[in-house]
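Participant: Input: one structure, supplied below.
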Amino acid sequence: MSVRNVRCVVLTSLVCVAMLIVGCRKVEDPAPVAVAPPMTDPFVVVLGIAQDGGFPHAGCEKPCCTRVWNDPSAARNVVSLGVVDPSTKQRWILEATPDFRAQLHDLEGIMPRSAELLDGILLTHAHIGHYPGLMFLGREAMGASEVPVYAAPRMADFLENNGPWNQLVRLGNIAVQRIDDGESFNLNDRLTATPIVVPHRDEYSETVGYRLDGPSKSVLFIPDVDKWERMSIDIEALIADVEVAYLDGSFFADGELPGRAMAEIPHPFIAESIERFATLAQDERAKIRFIHLNHSNPALDPESEASATIRKAGMSVAEEGERVGL
Ligand SMILES: [Zn+2]
Ligand SMILES: [Zn+2]
(Lines give C-alpha, C1' and ligand atoms only; values in the text may rest on other atoms or scores of the structure.)
(Ligands and ions follow the chains in the order given, each with its own letter.)
Protein backbone atom coordinates (compact mmCIF):
# COMPACT_ATOMS: atom_id res chain seq x y z
CA MET A 1 0.00 0.00 0.00
CA SER A 2 1.38 3.36 -0.97
CA VAL A 3 1.81 6.13 1.56
CA ARG A 4 -0.94 7.97 -0.26
CA ASN A 5 -3.30 4.98 0.06
CA VAL A 6 -2.47 4.57 3.77
CA ARG A 7 -3.30 8.27 4.31
CA CYS A 8 -6.56 7.77 2.45
CA VAL A 9 -7.55 4.73 4.56
CA VAL A 10 -6.64 6.54 7.82
CA LEU A 11 -8.59 9.62 6.76
CA THR A 12 -11.61 7.56 5.71
CA SER A 13 -11.50 5.65 9.00
CA LEU A 14 -11.32 8.90 10.97
CA VAL A 15 -14.29 10.29 9.07
CA CYS A 16 -16.21 7.05 9.73
CA VAL A 17 -15.38 7.17 13.46
CA ALA A 18 -16.36 10.84 13.58
CA MET A 19 -19.65 10.07 11.83
CA LEU A 20 -20.25 7.19 14.22
CA ILE A 21 -19.65 9.44 17.21
CA VAL A 22 -21.94 12.12 15.81
CA GLY A 23 -24.48 9.44 14.91
CA CYS A 24 -24.30 7.88 18.39
CA ARG A 25 -24.61 11.25 20.08
CA LYS A 26 -27.64 12.00 18.00
CA VAL A 27 -29.32 8.84 19.22
CA GLU A 28 -28.26 9.14 22.85
CA ASP A 29 -28.50 12.90 23.31
CA PRO A 30 -31.21 14.41 21.17
CA ALA A 31 -31.16 18.17 20.86
CA PRO A 32 -33.95 19.88 22.85
CA VAL A 33 -37.06 20.32 20.78
CA ALA A 34 -37.78 24.03 20.42
CA VAL A 35 -41.56 23.78 20.59
CA ALA A 36 -43.35 25.64 23.40
CA PRO A 37 -45.76 23.48 25.39
CA PRO A 38 -49.39 24.15 24.50
CA MET A 39 -50.73 27.07 26.54
CA THR A 40 -53.40 25.52 28.73
CA ASP A 41 -52.94 27.14 32.13
CA PRO A 42 -55.34 29.97 32.88
CA PHE A 43 -53.84 33.41 33.33
CA VAL A 44 -54.50 37.02 34.25
CA VAL A 45 -53.59 39.73 31.76
CA VAL A 46 -53.39 43.44 32.58
CA LEU A 47 -55.70 45.45 30.28
CA GLY A 48 -55.39 48.87 31.90
CA ILE A 49 -53.44 50.61 34.66
CA ALA A 50 -54.82 54.18 34.80
CA GLN A 51 -57.16 55.71 37.38
CA ASP A 52 -60.82 56.37 36.48
CA GLY A 53 -60.12 59.62 34.60
CA GLY A 54 -57.73 57.89 32.16
CA PHE A 55 -54.30 58.82 30.88
CA PRO A 56 -54.10 61.34 29.31
CA HIS A 57 -56.74 63.06 31.40
CA ALA A 58 -59.67 65.28 30.36
CA GLY A 59 -58.69 68.93 30.55
CA CYS A 60 -55.06 68.31 31.48
CA GLU A 61 -52.54 70.34 29.49
CA LYS A 62 -49.77 70.00 32.07
CA PRO A 63 -46.50 68.20 31.32
CA CYS A 64 -47.81 64.89 32.76
CA CYS A 65 -50.37 64.69 29.95
CA THR A 66 -48.93 66.86 27.15
CA ARG A 67 -46.21 64.20 26.89
CA VAL A 68 -49.01 61.72 26.11
CA TRP A 69 -51.17 63.99 23.92
CA ASN A 70 -48.02 64.33 21.78
CA ASP A 71 -47.17 60.61 21.90
CA PRO A 72 -50.30 58.44 22.01
CA SER A 73 -48.16 55.32 22.52
CA ALA A 74 -47.64 56.54 26.10
CA ALA A 75 -51.42 56.53 26.77
CA ARG A 76 -52.81 53.95 29.19
CA ASN A 77 -56.26 52.41 29.56
CA VAL A 78 -58.33 52.68 32.72
CA VAL A 79 -57.70 49.91 35.26
CA SER A 80 -58.80 46.42 34.24
CA LEU A 81 -57.65 42.81 34.29
CA GLY A 82 -58.61 40.06 31.88
CA VAL A 83 -58.82 36.43 32.96
CA VAL A 84 -58.35 33.77 30.29
CA ASP A 85 -58.68 29.99 30.39
CA PRO A 86 -57.12 28.74 27.13
CA SER A 87 -58.31 25.16 27.67
CA THR A 88 -61.96 26.25 27.46
CA LYS A 89 -61.39 29.49 25.50
CA GLN A 90 -63.27 31.39 28.24
CA ARG A 91 -62.60 35.06 29.02
CA TRP A 92 -63.64 37.32 31.88
CA ILE A 93 -63.01 41.00 32.49
CA LEU A 94 -62.53 42.69 35.85
CA GLU A 95 -64.15 46.16 35.60
CA ALA A 96 -66.11 47.65 32.72
CA THR A 97 -64.16 50.83 32.11
CA PRO A 98 -64.60 53.80 29.75
CA ASP A 99 -61.90 52.00 27.68
CA PHE A 100 -63.99 48.80 27.43
CA ARG A 101 -64.01 48.86 23.61
CA ALA A 102 -60.22 48.75 23.35
CA GLN A 103 -59.91 46.29 26.22
CA LEU A 104 -62.37 43.81 24.69
CA HIS A 105 -60.44 44.13 21.43
CA ASP A 106 -57.15 43.47 23.27
CA LEU A 107 -58.66 40.42 24.93
CA GLU A 108 -59.89 39.19 21.55
CA GLY A 109 -56.31 39.37 20.25
CA ILE A 110 -55.11 37.32 23.23
CA MET A 111 -57.87 34.69 23.08
CA PRO A 112 -60.44 34.88 20.29
CA ARG A 113 -63.98 34.28 21.45
CA SER A 114 -65.56 30.87 21.08
CA ALA A 115 -69.28 30.84 21.82
CA GLU A 116 -69.71 33.59 24.37
CA LEU A 117 -68.89 37.25 23.90
CA LEU A 118 -67.64 37.31 27.48
CA ASP A 119 -68.01 34.71 30.20
CA GLY A 120 -68.43 37.41 32.81
CA ILE A 121 -67.64 40.90 34.06
CA LEU A 122 -66.54 41.29 37.68
CA LEU A 123 -67.26 44.76 39.06
CA THR A 124 -65.62 46.41 42.06
CA HIS A 125 -67.76 49.53 42.62
CA ALA A 126 -69.82 52.35 41.16
CA HIS A 127 -67.16 55.00 40.54
CA ILE A 128 -66.94 56.31 37.00
CA GLY A 129 -63.86 54.39 35.89
CA HIS A 130 -65.15 51.00 36.95
CA TYR A 131 -68.58 50.25 35.45
CA PRO A 132 -69.65 52.62 32.61
CA GLY A 133 -68.16 50.28 29.99
CA LEU A 134 -71.35 48.27 30.50
CA MET A 135 -73.03 50.81 28.21
CA PHE A 136 -71.34 49.18 25.22
CA LEU A 137 -73.37 46.02 25.88
CA GLY A 138 -76.65 47.89 25.37
CA ARG A 139 -78.96 48.26 22.41
CA GLU A 140 -77.21 51.42 21.15
CA ALA A 141 -74.02 49.39 20.77
CA MET A 142 -73.47 45.61 20.85
CA GLY A 143 -76.91 44.51 22.00
CA ALA A 144 -75.28 41.73 24.01
CA SER A 145 -77.24 38.87 25.49
CA GLU A 146 -77.18 37.89 29.16
CA VAL A 147 -73.53 38.68 29.87
CA PRO A 148 -73.03 37.70 33.54
CA VAL A 149 -72.13 40.78 35.60
CA TYR A 150 -70.89 39.93 39.09
CA ALA A 151 -71.73 42.65 41.61
CA ALA A 152 -71.92 42.99 45.40
CA PRO A 153 -75.42 43.78 46.82
CA ARG A 154 -75.38 47.61 46.69
CA MET A 155 -73.66 47.57 43.30
CA ALA A 156 -76.30 45.13 42.00
CA ASP A 157 -79.10 47.36 43.39
CA PHE A 158 -77.47 50.37 41.76
CA LEU A 159 -77.54 48.71 38.34
CA GLU A 160 -81.07 47.37 38.74
CA ASN A 161 -82.59 50.61 39.98
CA ASN A 162 -80.91 53.39 38.01
CA GLY A 163 -81.13 54.38 34.37
CA PRO A 164 -79.61 53.77 31.96
CA TRP A 165 -78.15 50.65 33.60
CA ASN A 166 -81.51 49.12 34.47
CA GLN A 167 -82.33 49.10 30.77
CA LEU A 168 -79.44 46.65 30.27
CA VAL A 169 -81.05 44.45 32.91
CA ARG A 170 -84.56 44.82 31.49
CA LEU A 171 -83.48 44.04 27.93
CA GLY A 172 -81.39 41.08 29.05
CA ASN A 173 -78.11 42.55 27.81
CA ILE A 174 -76.60 41.74 31.18
CA ALA A 175 -77.47 39.18 33.83
CA VAL A 176 -76.61 40.53 37.28
CA GLN A 177 -75.05 37.89 39.55
CA ARG A 178 -75.12 38.88 43.21
CA ILE A 179 -71.96 38.14 45.15
CA ASP A 180 -71.09 38.55 48.82
CA ASP A 181 -68.06 39.59 50.83
CA GLY A 182 -65.73 36.65 51.37
CA GLU A 183 -67.95 34.19 49.47
CA SER A 184 -65.96 32.49 46.71
CA PHE A 185 -67.75 31.77 43.46
CA ASN A 186 -66.73 29.64 40.51
CA LEU A 187 -65.85 31.17 37.17
CA ASN A 188 -65.47 27.63 35.84
CA ASP A 189 -64.44 24.33 37.40
CA ARG A 190 -60.85 25.42 38.00
CA LEU A 191 -61.09 29.19 38.52
CA THR A 192 -62.68 30.94 41.48
CA ALA A 193 -63.07 34.57 42.50
CA THR A 194 -63.56 35.89 46.01
CA PRO A 195 -64.83 39.43 46.62
CA ILE A 196 -63.21 41.29 49.51
CA VAL A 197 -65.03 44.37 50.80
CA VAL A 198 -62.66 47.30 51.32
CA PRO A 199 -63.20 50.79 52.76
CA HIS A 200 -63.65 53.40 50.02
CA ARG A 201 -65.83 56.43 49.29
CA ASP A 202 -68.99 54.37 48.98
CA GLU A 203 -71.45 57.00 47.69
CA TYR A 204 -73.33 54.68 45.32
CA SER A 205 -72.15 51.18 46.17
CA GLU A 206 -69.85 49.26 48.47
CA THR A 207 -66.35 48.56 47.09
CA VAL A 208 -64.76 45.18 46.70
CA GLY A 209 -61.38 43.90 45.60
CA TYR A 210 -60.97 40.36 44.30
CA ARG A 211 -58.80 37.40 44.93
CA LEU A 212 -58.55 35.10 41.89
CA ASP A 213 -57.56 31.47 42.35
CA GLY A 214 -56.46 29.07 39.63
CA PRO A 215 -55.13 25.52 39.74
CA SER A 216 -51.69 26.64 40.90
CA LYS A 217 -51.57 30.36 41.67
CA SER A 218 -53.55 33.27 43.10
CA VAL A 219 -53.74 36.96 42.28
CA LEU A 220 -55.05 39.83 44.42
CA PHE A 221 -56.70 42.90 42.86
CA ILE A 222 -57.47 45.94 45.05
CA PRO A 223 -57.50 48.96 42.74
CA ASP A 224 -59.39 51.34 45.05
CA VAL A 225 -59.14 51.61 48.84
CA ASP A 226 -59.07 54.56 51.25
CA LYS A 227 -56.02 53.63 53.32
CA TRP A 228 -54.48 50.25 54.21
CA GLU A 229 -54.91 50.86 57.94
CA ARG A 230 -58.68 51.30 57.52
CA MET A 231 -59.09 47.77 56.19
CA SER A 232 -60.59 45.20 58.55
CA ILE A 233 -58.29 42.52 57.10
CA ASP A 234 -54.53 42.86 57.31
CA ILE A 235 -53.36 43.70 53.77
CA GLU A 236 -50.03 41.94 54.46
CA ALA A 237 -51.91 38.69 55.19
CA LEU A 238 -53.76 39.00 51.86
CA ILE A 239 -50.47 39.58 50.03
CA ALA A 240 -48.84 36.61 51.78
CA ASP A 241 -51.54 34.32 50.42
CA VAL A 242 -51.10 35.14 46.70
CA GLU A 243 -48.34 35.17 44.08
CA VAL A 244 -49.06 38.68 42.71
CA ALA A 245 -50.92 41.63 44.27
CA TYR A 246 -52.23 44.47 42.08
CA LEU A 247 -52.69 47.29 44.58
CA ASP A 248 -54.06 50.84 44.59
CA GLY A 249 -51.29 53.16 43.41
CA SER A 250 -53.50 56.17 42.55
CA PHE A 251 -51.14 58.86 43.84
CA PHE A 252 -47.45 58.79 44.53
CA ALA A 253 -47.43 61.32 47.38
CA ASP A 254 -49.44 63.97 49.19
CA GLY A 255 -49.69 67.36 47.46
CA GLU A 256 -49.86 65.78 44.02
CA LEU A 257 -53.10 67.61 43.16
CA PRO A 258 -52.45 71.34 43.70
CA GLY A 259 -55.58 73.14 44.85
CA ARG A 260 -57.45 69.94 45.78
CA ALA A 261 -57.85 68.53 49.28
CA MET A 262 -56.47 65.04 48.90
CA ALA A 263 -58.09 63.91 52.16
CA GLU A 264 -61.43 64.09 50.30
CA ILE A 265 -60.22 61.42 47.90
CA PRO A 266 -58.19 59.19 50.20
CA HIS A 267 -55.93 56.51 48.76
CA PRO A 268 -52.76 54.94 50.14
CA PHE A 269 -50.00 57.05 48.59
CA ILE A 270 -47.39 54.84 46.94
CA ALA A 271 -44.83 56.54 49.19
CA GLU A 272 -46.86 55.38 52.23
CA SER A 273 -47.19 51.86 50.83
CA ILE A 274 -43.44 51.67 50.26
CA GLU A 275 -42.88 52.70 53.86
CA ARG A 276 -45.50 50.29 55.22
CA PHE A 277 -44.29 47.31 53.19
CA ALA A 278 -40.57 48.04 53.71
CA THR A 279 -40.37 45.53 56.54
CA LEU A 280 -41.73 42.69 54.37
CA ALA A 281 -39.30 40.10 53.00
CA GLN A 282 -37.95 40.78 49.51
CA ASP A 283 -40.10 38.10 47.84
CA GLU A 284 -43.23 39.54 49.47
CA ARG A 285 -42.41 43.04 48.24
CA ALA A 286 -41.77 41.66 44.76
CA LYS A 287 -45.42 40.54 44.58
CA ILE A 288 -46.64 44.15 44.78
CA ARG A 289 -47.52 45.81 41.47
CA PHE A 290 -49.17 49.24 41.65
CA ILE A 291 -52.18 49.85 39.45
CA HIS A 292 -54.93 52.53 39.07
CA LEU A 293 -52.44 55.39 38.63
CA ASN A 294 -53.83 58.92 38.40
CA HIS A 295 -52.61 61.04 35.47
CA SER A 296 -50.70 63.19 37.97
CA ASN A 297 -48.74 60.20 39.30
CA PRO A 298 -45.08 60.57 38.28
CA ALA A 299 -44.72 56.76 38.37
CA LEU A 300 -46.60 56.65 35.03
CA ASP A 301 -43.29 57.78 33.54
CA PRO A 302 -40.82 54.87 33.80
CA GLU A 303 -37.94 57.37 33.60
CA SER A 304 -39.11 59.33 36.64
CA GLU A 305 -37.51 59.46 40.06
CA ALA A 306 -40.76 58.04 41.50
CA SER A 307 -40.46 54.94 39.29
CA ALA A 308 -36.84 54.49 40.39
CA THR A 309 -37.93 54.75 44.03
CA ILE A 310 -40.54 52.00 43.51
CA ARG A 311 -37.98 49.73 41.84
CA LYS A 312 -35.47 50.39 44.61
CA ALA A 313 -38.13 49.35 47.14
CA GLY A 314 -38.41 45.99 45.34
CA MET A 315 -41.91 46.68 43.97
CA SER A 316 -43.19 47.62 40.52
CA VAL A 317 -45.87 49.35 38.48
CA ALA A 318 -48.19 47.02 36.55
CA GLU A 319 -47.70 47.05 32.79
CA GLU A 320 -50.42 46.61 30.21
CA GLY A 321 -50.11 43.24 28.52
CA GLU A 322 -48.27 41.54 31.38
CA ARG A 323 -49.56 38.08 32.27
CA VAL A 324 -49.63 36.06 35.46
CA GLY A 325 -50.36 32.33 35.31
CA LEU A 326 -53.05 31.13 37.70
ZN1 LIG B 1 -61.12 54.13 40.73
ZN1 LIG C 1 -63.28 54.51 43.39
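Participant: Which net charge results for the neighbourhood of residue 83, defined as the other residues with beta-carbon distances under 10 angstrom from its beta-carbon, given Lys and Arg at +1 and Asp and Glu at -1?
Facilitator: Details: positive: 91; negative: 85, 119.
Here the charged neighbours net out to -1.
Participant: Continuing with the same structure: In nm, give the distance between the simple-model label positions of residue 254 and residue 275, each being 7 Å from the Cα along the Cα-to-Cβ direction.
Facilitator: Label at residue 254, label at residue 275, 0.8 nm between them.
Participant: While we're looking at this one, here's another question. Note the direction-averaged projected area, equal to a quarter of the hull surface, for the Cα convex hull of the range 92-246, in nm². Could the numbers behind the result be given before it?
Facilitator: Numbers: hull surface 36.5 nm².
The number I arrive at for the range 92-246 is 9.1 nm².
Participant: Which of the trypsin sites (Lys or Arg not before Pro) across the range 113-172 are loop residues per DSSP, with 15 or fewer other Cβ within 10 Å?
Facilitator: Working: sites: 113, 139, 154, 170; in loops: 113, 139.
Listed in order of number, the matching sites are 113, 139.
Participant: Counting other Cβ atoms within 10 Å of each Cβ, which GluC sites (Glu not before Pro) in the range 61-135 have at most 12 and sit in a DSSP loop? Please report the intermediate quantities before stating the final value.
Facilitator: Details: sites: 61, 95, 108, 116; in loops: 61, 95, 116.
Answer by residue number: 61.
Participant: Where only protein heavy atoms count, and the probe is 1.4 Å, what is the accessible area per residue for the chain in Å²? The partial results should precede the final answer.
Facilitator: On the way: 16020 Å² over 326 residues.
Counting only protein heavy atoms, the per-residue value for the chain is 49 Å².
Participant: By the scheme Lys and Arg +1, Asp and Glu -1, what is the net charge of all other residues having a beta-carbon under 11 Å from that of residue 199?
Facilitator: Details: positive: 201, 227, 230; negative: 202, 206, 224, 226, 229.
Counting the neighbours of residue 199, the net charge comes to -2.
Participant: Which shape class applies to the range 193-326: rounded if a/c is under 1.5, otherwise prolate when a/b exceeds b/c and oblate if not, where a ≥ b ≥ c are the square roots of the Cα gyration tensor eigenvalues? Can you show the working numbers first?
Facilitator: On the way: a/c = 1.65, a/b = 1.16, b/c = 1.43.
It is oblate, given that a/c is not under 1.5 and a/b is not larger than b/c.
Participant: What is the percent carbon and sulfur in the accessible area of the chain, measuring with a 1.4 Å probe over the protein chains and ignoring ligands?
Facilitator: Numbers: 8660 of 16020 Å².
In the chain, the share of accessible area belonging to carbon and sulfur is 54 percent.
Participant: Return the FRET efficiency for the residue pair residue 320, residue 136: r is the Cβ-Cβ distance, R0 is 25 Å, and the value is rounded to the nearest 0.05.
Facilitator: Details: r = 19 Å, r/R0 = 0.77.
So, using R0 = 25 Å, E works out to roughly 0.80.
Participant: If you stretched the chain out fully between residue 183 and residue 243, how much longer would it get, using 0.36 nm times the residue separation minus the C-alpha to C-alpha distance?
Facilitator: 19.6 nm
Participant: What is the antiparallel percent of DSSP beta bridges lying wholly in the chain, to the nearest 5?
Facilitator: Details: 28 of 50 bridges.
Of those bridges, close to 55 percent are antiparallel.
Participant: Something else now. Expressed as cubic angstrom per residue, what is the convex hull volume of the alpha carbon set of the chain?
Facilitator: Details: hull volume 71.5 nm³, N = 326.
For the chain, the hull spanned by Cα atoms encloses 219 Å³ per residue.
The values are calculated or read from the model by the stated rules, or taken from the named source; none is laboratory data. All values reported here derive from a predicted model rather than from experimental measurement. Glycine also receives a Cβ, built like all others from the backbone with ideal geometry; neighbour counts cover every protein chain displayed. When the accessible area is computed, the model is the full protein with side chains, heavy atoms only, and any ligands, DNA or RNA have been set aside. Shrake-Rupley method; radii C 1.70, N 1.55, O 1.52, S 1.80 Å.
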